[in-house]
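Structure first, commentary second.
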Amino acid sequence: MKGFKIIVLAKQVPDTRNVGKDAMKANGTVNRAALPAVFNPEDLKALEQALRIKDQYPGTTITLLTMGPGRAAEIIREGLYRGADGGILITDRKFAGSDTLATSYAISLAIKKMAPYDMILAGRQAIDGDTAQVGPQAAEKLGIPQVTYCEEIVSINHKKVTVKRRLERGVETMEAPLPVLITVHGSAPECRSRNAKLLMKYKHAQTITEMQEATDDYIELHDSRPYLDIPEWTVADLNADEKWLGLSGSPTKVKKVTNVVFKAKESKVLTDSDEDIERLIIELLENHTIG
Amino acid sequence: MNNIIVYCEIEEGGIADVSLELLTKGRKLADRLNCELEAVVVSNEIKGIEKVVFPYGVDTLYLAFDEKLYPYQTLPHASVLTKLFEEQKPQIALLGATSIGRDLAPRIASALKCGLTADCTSLEIGDHRDKKQKKDYHDLLYQIRPAFGGNIIATIINPDTRPQMATVREGVMKKEIFDPKYKGKVKKLKTSEYVSKEDFVVKILERHIEKKKIDIKSAQIIVSGGYGMGSKENFEMLFELADVLGGDVGGSRAAVDAGFIPHERQVGQTGVTVRPHLYIACGISGAVQHRAGMEESAMIISINKDPNAPINSIADYAIIGDVGEVIPKLIKFYKKNAK
């Protein structure tokens with residue numbers, strides 16, 4: 001059987017899972033800029049599902065698609081080291097401020113440009129926003145079905161794919177026609193590690209912007225090894241309608257952000273008086289601990 | 001009229017708790033906005049479902065009944081809701097932040113090009129001024145949710161698009177009958193006008209869903225009792241407090257051993273490990289075996305007569321007093337101050 005053409009959606013995210021002391025500001029709030037940028041964990045698991053198909057069906061190609069600032073090319077290299085065949089970075093200042101709807105619009109245009117494809121794989125959600133919306137929204141815009149919370153791709157042929165999905169209290173096995181968008185759940189297996197040979201091969205994979213900014217000149221190397229090019233696509237490359245991008249294309253607006261303050265566990269000691277108890281209740285209501 | 005609509009999730013032939021919680025909240029929002037509350041059920045036929053729904057204060061119940069519409073599948077349910085929202089133009093649409101709601105809502109929001117906020121923990125009504133455009137908005141839905149790994153709480157609004165869509169976590173809102181005699185209208189939808197053959201291209205080959213059991217792990221608020229509660233009867237207070245706050249009840253090993261509460265509710269090394277937003281430890285001394293199962297809770301309140309109880313050292317608030325007096329006060333002042 002010939003291989004499959006798979007697109008993996010990936011996002012570079014601040015690592016919100018382990019907020020250490022050095023990422024805390026003096027006032028007890030988290031310093032977002034101090035958190036390391038990582039390959040979103042469930043997107044890595046989506047890559048693993050794609051790599052397993054590639055192991056089984058030689059000729060399968062895996063292309064990573066990410067949207068973000070220039071530095072997001074880091075996760076494309078990370079994917080190449082683990083077995084992906086290429087990657088595309090969608091980047092443009094005009095995307096700034098995009099919510100999930102505007103993001104899914106940009107991503108769906110890029111996917112259309114990459115067509116034909118058999119399957120799109122993505123993590124269920126990213127650890128910075130936890131919305132789980134971009135995958136299904138992109139599927140809707142592409143007019144293809146979706147299977148969310150995949151734990152395992154059981155089998156695939158050129159007509160259909162069988163997927164085991166993890167629900168809150170059980171599992172479902174689904175059969176979907178290709179092309180389909182599948183989001184991968186945290187209970188799916190971890191991604192394999194970097195491959196030493198691939199690390200050597202793709203060490204100098206860069207976007208044009210990175211090449212221009214680099215001190216070493218790899219232009220000649222890229223001329224002889226075109227696989228080192230990481231294409232950058234802008235709004236113009238996507239033929240996007242700017243009305244649907246960035247802030248203007250984002251129906252949701254952030255009205256207010258409150259930092260959750262982590263206090264050292266110095267207990268406030270209260271008595272059982274009416275005043276103390278009522279003050280506590282009001283405080284808990286105000287900070288939305290209870291509603 | 002632009003009403004509030006709640007998608008009712010079907011579970012074991014009945015309506016999921018999260019949907020009933022949303023109806024309870026929806027009724028309050030509808031009263032605040034002076035509009036009607038609507039509900040929609042998409043399923044195979046369930047006789048008498050309106051008797052369950054109307055007491056929550058539902059004015060109109062849309063029923064899309066068809067053998068093919070149960071169990072849930074993304075495409076047909078998205079088609080029904082997208083078309084129904086286009087026809088009815090609700091101002092607010094609420095779904096549970098469950099496997100189903102989080103799969104379905106983004107599909108609808110994308111089709112309608114409207115804003116959607118996932119996993120809200122609180123919903124309020126409020127105004128907004130767009131300073132750049134010098135434009136005032138009244139009675140928007142404030143969609144409040146934790147983000148950034150729980151490090152921030154964000155208030156999200158959708159000023160210009162409708163419906164304002166949100167999914168809400170199970171167990172964060174109260175479930176409360178509005179009026180047992182409340183009567184609404186039933187509107188049956190002709191499903192053939194809402195779904196097409198193409199909506200059924202994905203097939204469910206196998207399905208294993210476990211029956212709902214006691215599972216305190218998913219509760220965002222846990223009221224937990226220890227040996228210091230004194231009796232099984234005194235645990236009733238904890239159930240009352242948990243019910244009022246929209247949480248669940250747990251217990252320490254000592255309380256389980258004493259037969260105050262079943263083992264399924266035990267928190268600790270030999271029970272379950274929980275990380276709720278709020279953990280209220282009542283009459284629990286705080287042995288290591290118990291602390292191991294709850295010390296990662298976002299906020300801990302301890303209620304204990306003994307000021308030197310180990311639990312106090314990991315509590316954010318330590319109330320020194322008798323549980324029998326403190327708990328009724330918590331309930332009283334919550335009822336007095338909650339909106």
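Observations on the model:
- Among the listed pairs B:LYS89/B:LYS197; B:LYS28/B:LYS174; B:LYS217/B:LYS332, those beyond 19 Å (Cα-Cα): B:LYS89/B:LYS197; B:LYS217/B:LYS332
- Solvent-accessible area per residue for chain A (1.4 angstrom probe, square angstrom): 46 Å²
- Relative contact order (%) - the range B:4-200, alpha-carbon pairs under 8 angstrom, separation at least six: 29 percent
- Tensor-based shape of the range B:92-249 (alpha-carbon gyration tensor, a/c under 1.5 rounded, otherwise prolate or oblate): oblate
- Surface share of carbon and sulfur [accessible, 1.4 angstrom probe, percent] for the protein assembly as shown: 50 percent
- Amide H to amide H, with H built 1.01 Å from N, B:ASP322 comes under 5 Å of no residue 5 or more places away or on another chain.
- Inter-chain shielding of B:238-246 (mean C-beta neighbours from other protein chains, 10 Å cut-off): 1
- On Cα atoms only, tilt of B:99-112 relative to the major axis of chain B in degrees: 40 degrees
- Of the listed residues B:ASP59, B:ASP127, the order by accessible area with a 1.4 Å probe, largest first, is B:ASP127, B:ASP59.
- Where GluC sites (Glu not before Pro) fall in DSSP loop in the range B:20-49, at most 16 other Cβ within 10 Å: B:GLU45
- Spin-label pair B:GLU325/A:GLN56, simplified geometry with 7 Å Cα→Cβ offset, distance in nm: 6.7 nm
- Note on the protein assembly as shown: the alpha carbon radius of gyration divided by the globular reference 2.2 N^0.38 Å gives 1.01.
- Unit charges on C-beta of K, R, D, E only; dipole of the protein assembly as shown, Debye: 820 debye
- Shielded by partner chains, the range B:113-140 residues - at least 30 Å² of accessible area, 1.4 Å probe, vs chain alone: B:LYS113, B:LEU116, B:ALA118
- Remark: relative contact order (chain B) = 14 percent; criterion is Cα-Cα distance under 8 angstrom and separation of 6 or more residues.
- Measuring how big the range A:201-291 is from its alpha-carbon positions, Rg and Dmax come out at 27.3, 79 Å.
- Whole-number accessible area per residue in Å² for the range B:216-337, which is evaluated in the context of all protein chains at 1.4 Å: 40 Å²
- Residues of type lysines that A:LYS268 reaches as a straight line, Cα spacing below 17 Å, ignoring anything fewer than 8 places off in the same chain: B:LYS305
- For chain A, diffusion coefficient by Stokes-Einstein and Kirkwood Rh (Cα), 20 °C, 1.002 mPa s, µm²/s: 102 µm²/s
- More than 16 angstrom apart: percent of Cα pairs within the range B:261-320: 37 percent
- Taking only Cα atoms of chain B, radius of gyration then Dmax in Å: 22.0, 68
- Between B and A, buried accessible area from a 1.4 angstrom probe totals roughly 6700 Å², ignoring ligands, DNA and RNA.
- Assigned charges on the beta-carbon of Lys, Arg, Asp, Glu; the range A:5-244 dipole about Cα centre (debye): 600 debye
- For the range B:4-200: accessible area per residue (Å², 1.4 Å): 38 Å²
- Cα-based helix-to-principal-axis angle, B:323-337 vs chain B, degrees rounded to 10: 30 degrees
- Between helix B:235-245 and chain B: long-axis angle, C-alpha atoms, 0 to 90°, nearest 10: 40 degrees
- Rounded FRET efficiency, nearest 0.05, which uses the C-beta distance separating A:MET1 from A:LYS256 and R0 of 45 Å: 0.25
- Between B:SER313 and B:THR273, the modelled label-to-label distance comes to 2.1 nm, taking each label 7 Å out from Cα in the direction of the beta carbon.
- Within a Gaussian network of chain A (alpha carbon springs, distance under 10 Å), most fluctuating of A:ARG124, A:ARG77, A:ARG52: A:ARG52
- Two-site FRET efficiency, B:GLU296 against B:LYS339, from Cβ-Cβ distance with R₀ of 35 Å, rounded to 0.05: 0.75
- Shape class for the range B:25-121, computed from the alpha carbon gyration tensor (a ≥ b ≥ c): oblate, with a/c not under 1.5 and a/b at or below b/c.
- Mean-square fluctuations from a GNM of chain B, with a 10 angstrom spring cutoff on Cα atoms, peak among B:GLY57, B:GLY283, B:GLY324 at B:GLY324.
- Residue-averaged 222 nm ellipticity for chain B, from DSSP H runs of 4+ at -39500 (n - 2.57), nearest 500: -8000 deg cm²/dmol
- Loop-located trypsin sites (Lys or Arg not before Pro) in the range B:158-214 whose Cβ has at most 16 other Cβ within 10 Å (DSSP): B:LYS181, B:LYS183, B:LYS190, B:LYS211, B:LYS212, B:LYS213
- Accessible-area ranking of B:ASP316, B:ASP179, largest first, probe 1.4 Å: B:ASP179, B:ASP316
The values are calculated or read from the model by the stated rules, or taken from the named source; none is laboratory data. What you see is a predicted model, and the numbers here were worked out from it, not measured in a lab. Backbone-built Cβ (ideal geometry, glycine too); neighbour counts: all protein chains shown. When the accessible area is computed, the model is the full protein with side chains, heavy atoms only, and any ligands, DNA or RNA have been set aside. Shrake-Rupley method; radii C 1.70, N 1.55, O 1.52, S 1.80 Å.
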